[in-house]
Amino acid sequence: MSVPLLRPFPGLRPAAAHAAEVAAPPYDVLTSDEARLLAEGKAWSFLHISKPEIDLPAGTDVYSPAVYAKAAENLGRMVAEGVLRRDGAPCFYIYRLEMGDHVQTGIVGGGSVAAYDVNRIRKHEFTRPDKEDDRVRQIDACNAQTGPVLLAHRNSPALAGVVARVVAGAPAYRVEAVDGNVHSLWVVDAAADIEAIVAAFEAMPAVYIADGHHRSAAASRVAAARRAAGAADDSPSQSFLVVSFPIEEMKIFDYNRVVRDLNGLSRDAFLAALASEFTVLPVSGQARPNEPRTIGLYLPGQWYRLGLKNAVPADPVARLDVSLLTDRLLAPVLGIHDLRKDKRIDFVGGKRGLGELEKRVDSGEMAAAFALFATRMEDLVAVADAGQVMPPKSTWFEPKLADGMVSYPLDWS
């Protein structure tokens, strides 16, 4: 039996009285020390499941078998204590994120691994085997997917109608996170609404991974292993936890670059070396790019606006601002070719602001900083539709989903 692109499932989620304490930042945005501090005094924080090393001696290898065993133990304890409860029947969920004036409202469901494997759930990043391995072990130990994958879809009137009708009522819970962002969850359990959501996604030729490539790849590996062990094609293990938002509602921040040295060039020689590809204009104040194909450059005490002189290629990856910066400046002038491995470059999420770039350069830690215009959703879709991948650190999505709002158990039927 085939599995629909998105299907309902009986979510494992907090009892309403515990939702605020359970909800936690995503596991991959915190260090172990930060997670330990944030979970202090919060026995039911989901960090005890997503970052279980915080309950083991400091210095424990985060990839140790003891870490995954502790995650399973903590999950079991929270279920036994009634902090986490499983819904009695398959449901969809509506998840609303609010960050200041920005609001986005999406659907939580089980994404089809088969659709992922044939690229109907489309990718735009490479993954690292060690990070995949980590998520596979976490899923297997907990027998659940506890970290949601962020998807983007083209909206449909039918889907929008269900969402509008459900969110007119009170959410199951509404949580204000430590960063001030608000996370709300509604349960969609009416048969007609469930059927409408399934049909709306079935009508979509593709949906797009925005964030969560390692979680998606790990889910595919777990699904394959369980099929090999006899799991049916429509078993719970053949889907994975996703939250899909309309493309038009999603927000990508810039993802900026800082470099440690000028590759042996003096400041004047470096600026002169840019002349073949860029116009270089000193500016007062910060040079935040206000449109694609412009780049802000910061050297100690001074911002410059860089404008492209030469034509932009048609290829969807090569025309990205992050690619243009690498191909026309970082590689030929600074000798930085491999952004994944070169230790001379670092990346700063745009939420930190351009002041963070100034700070890292003026401190002497870095020699130069580059401010980029944020990658647009239409660029991400074009790359994914072409079956290509973006350069590292091309997108920074905000607001981020919380862990613990709802998890996907692998043992329902």
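Here, each number is a calculation from the coordinates, and none is a lab measurement. Predicted model, so just to flag it, every value in this text is computed and none were measured. Note that each Cβ is placed from the backbone with ideal geometry, even for glycine, and that neighbours are counted across all protein chains shown.
Evaluate E = 1/(1 + (r/R0)^6) for Asp327 and Asp133, where r is the Cβ-Cβ distance and R0 equals 41 Å; express this FRET efficiency to the nearest 0.05. Efficiency, rounded to the nearest 0.05: 0.80.
Given region 253-397, what whole percent of its Cα pairs are spread farther than 19 Å?
Numbers: 5043 of 10440 pairs.
Of all Cα-Cα pairs in region 253-397, 48 percent lie more than 19 Å apart.
Summarise the long-distance tail of P(r) for the chain by giving the % of C-alpha pairs beyond 28 Å. Don't jump to the answer; show the numbers that get you there.
Details: 43664 of 85078 pairs.
So the pairs more than 28 Å apart make up 51 percent of the total in the chain.
Placing +1 on the Cβ of each Lys and Arg and -1 on the Cβ of each Asp and Glu in the chain, which of Pro282, Ile252, Met405 has its Cα farthest towards the positive end of the resulting dipole? Result: Pro282.
Sequentially through region 362-370, phi angles give Karplus couplings (6.51, -1.76, 1.60; θ = phi - 60°) of 5, 6, x, 5, 10, 9, 7, 9, 10 Hz, Gly and Pro residues having no value and appearing as x. The average projected area of region 150-233, computed from the convex hull of its Cα atoms over all directions, is 8.0 nm². Residues considered: Phe270, Phe253, Phe92. Largest GNM mean-square fluctuation over the chain, using C-alpha springs under 10 Å, is found at Phe270.
Among Leu410, Leu241, the order by Cβ neighbours within 10 angstrom, fewest to most, reads Leu410, Leu241. Here the Karplus relation 6.51 cos²θ - 1.76 cosθ + 1.60, evaluated at θ = phi - 60°, turns the backbone of region 344-359 into coupling constants of 7, 10, 9, 10, 10, x, x, 4, 6, x, 6, x, 5, 5, 4, 4 Hz, with x for every Gly and Pro. Cross-link partners of Lys351 among lysines, defined as those whose alpha carbon lies under 23 angstrom from its own and excluding same-chain residues fewer than eight positions apart: Lys251, Lys343, Lys359, Lys393, Lys400. Ordered by the count of other Cβ atoms within 10 Å of each Cβ, fewest first, Val207, Val178 give Val178, Val207. Taking only the alpha carbons of region 13-57, we obtain Rg and Dmax values of 10.1, 32 Å in that order. Each residue of region 391-401 was assigned a 3J(HN,Hα) from its phi angle through the Karplus expression (A = 6.51, B = -1.76, C = 1.60, θ = phi - 60°), giving x, x, 6, 8, 9, 9, 8, 9, x, 9, 5 Hz with x at Gly and Pro.
All C-alpha pair distances within region 1-109, sorted into 10 Å bins from zero, spread as 13, 35, 34, 16, 1 percent across the bins. The GluC sites (Glu not before Pro) of region 36-138 meeting both criteria, a DSSP state outside H, G, I, E and B (loop) and at most 16 other C-beta atoms within 10 angstrom of the site's C-beta, are Glu40, Glu81.
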